[in-house]
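These notes are about the structure you will find just below.
The values are calculated or read from the model by the stated rules, or taken from the named source; none is laboratory data. Because the structure is a prediction, the values reported are computed rather than measured. Note that we place each Cβ from the backbone using ideal geometry, even for glycine, and neighbour counts take in every protein chain shown. Heads up: the accessible areas ignore ligands, DNA and RNA and are worked out on the full protein's heavy atoms, side chains in. Shrake-Rupley method; radii C 1.70, N 1.55, O 1.52, S 1.80 Å.
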Amino acid sequence: HPWQRAFGPPSLLPCTVQGDRIQMNNLVRFLGSLKLNVGLLLILVLVLGVAMPAARIMARVVEKKKHTFTVAGAFFVAVLIAPPVLWLVNLSVGPTLHIQVPFLPVMATMAIAYAIGEGIGRLACISFGCCYGKPVAGAHPLLARLFTSWNFVFFGNTKKIAYASSLQGVPVIPVQALTAVIYVGTALIAVYLFLQSQYLVAFVTAMSVTQLWRFISELLRADYRGDGRVSAYQIMSIVAMVYALSIGFWLTDIPAHPASIALGLQSLWDPGTLLFLQLLWIVSFVYMGRSSVTEARMEIHLCNDKI
């Protein structure tokens, strides 16, 4: 059948932009790919619908600040609610759409997506001067020796490091750069494992490395992370890792066929999926992309000498 030559066995249809594939009913065939996207996009909406507000709520609870977000808090909430959401979608719309979303591959893609997003997102932290490290001069002698030549120095009154900690012009440990390299490197390794159908190993790798580094990196940071020697975010990272690894070893559902980048791209190249992702990007930008702690003013005046 021409459709089979183009897309593979009809019992396996593409899903998610990461290339995950889900076992489906043999009779669903091509139309099933649209139904599958609906199920996975529903999962995405439900998880982000809770995690995005949690980014501000958790920051307010931990840091007592109304105008900031926390990725650590949002991810912690997302990890907790993801398995129940997957179960709920399979139970509610699964029979109607003839799909069953496999828990382990989807959880692995979420962990990998977080690692990539958090890693690349640290470039924004470098730009804004937030999530900054401790001064090199006051660090442990070993760290001070290591980062004497490799450090960050921020300038600008609108940088958070300047107005929050008065560390403008002071060499600090480049925590943001370290996080970017570690997270993106981990994500690439996890992607390779995922494409080899090693879903559990990919999930464990992404979760353990990112959350352990989250705990360690907090020890190198100088920005306010809440009261106490061990911050609430560090506790969240350990709890999230233990919780995720526990459910990861408990989950055993794996698709009968390996993941495919080609099928993932075919799933992405769908007008409905593209429009949904664009809408999601706009909502994310409007909700989280506007700073409420900085302002800009544009002034227009008349040049009298040129009249």
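Scanning the stretch 116-125 for residues that are free of Cβ contacts under 8 Å to residues at least 60 places away in the same chain and either open to solvent by less than 50 Å² (accessible area, probe 1.4 Å) or assigned to a loop (DSSP other than H, G, I, E, B) (or both) returns G117, G121, C125.
In this entry, F276 is excluded by the filter for residues that are open to solvent by 90 Å² or more (accessible area, probe 1.4 Å), in contact with a helix residue (DSSP H, G or I) (Cβ under 9 Å, 6 or more places away or on another chain) and in a helix (DSSP H, G or I). On the given criteria, is L46 at pLDDT below 85 and within 24 Å of V283 (Cα to Cα)? Against the criterion (at pLDDT below 85 and within 24 Å of V283 (Cα to Cα)), L46 does not qualify.
Looking at (1) at pLDDT 85 or above; (2) surrounded by 14 or more Cβ atoms within 10 Å (Cβ to Cβ), which one does V230 not meet, given that it meets all the others? Result: V230 fails condition (2) only. Looking at the stretch 234-248, is at least one residue open to solvent by 60 Å² or more (accessible area, probe 1.4 Å), among the hydroxyl-bearing types (S, T, Y), more than 19 Å from L123 (Cβ to Cβ) and outside any helix (DSSP H, G or I)? No, because not a single residue in the stretch 234-248 is open to solvent by 60 Å² or more (accessible area, probe 1.4 Å), among the hydroxyl-bearing types (S, T, Y), more than 19 Å from L123 (Cβ to Cβ) and outside any helix (DSSP H, G or I). Among the residues making up the stretch 34-84, those that are touching a Phe, Trp or Tyr at 6+ places or on another chain (Cβ under 8 Å) and not hydrophobic (A, V, I, L, M, F, W, C) are R56, E63, T70, G73, P83. Residues in the stretch 62-83 that are open to solvent by 30 Å² or more (accessible area, probe 1.4 Å), part of a helix (DSSP H, G or I) and either aromatic (F, W, Y) or more than 15 Å from Y224 (Cα to Cα) (or both): F76, L80, I81. Which residue is most open to solvent (accessible area, probe 1.4 Å), if the candidates are limited to the stretch 89-109 and must be assigned to a helix (DSSP H, G or I) and among the polar types (S, T, N, Q)? Ranking the qualifying residues of the stretch 89-109, first place goes to T96.
Would you check if V136 is without any contact (Cβ under 8 Å) to a residue 40 or more places away in the chain and open to solvent by less than 30 Å² (accessible area, probe 1.4 Å)? Step through it out loud before you land on a result.
Numbers: without any contact (Cβ under 8 Å) to a residue 40 or more places away in the chain: yes; open to solvent by less than 30 Å² (accessible area, probe 1.4 Å): yes.
Against the criterion (without any contact (Cβ under 8 Å) to a residue 40 or more places away in the chain and open to solvent by less than 30 Å² (accessible area, probe 1.4 Å)), V136 qualifies.
Taking the stretch 191-217 as the range and being over 14 Å from the mean Cα position of the chain (by Cα), touching a residue at least 12 places away in the same chain (Cβ under 8 Å), assigned to a helix (DSSP H, G or I) and more than 20 Å from L123 (Cα to Cα) as the test, the residues that pass are V191, L193, F194, L195, Y199, L200, A202, V204, T205, S208, L212. Taking the criterion of being among the small types (G, A, S) and open to solvent by less than 100 Å² (accessible area, probe 1.4 Å), the residues of the stretch 285-299 that qualify are G289, S291, S292.
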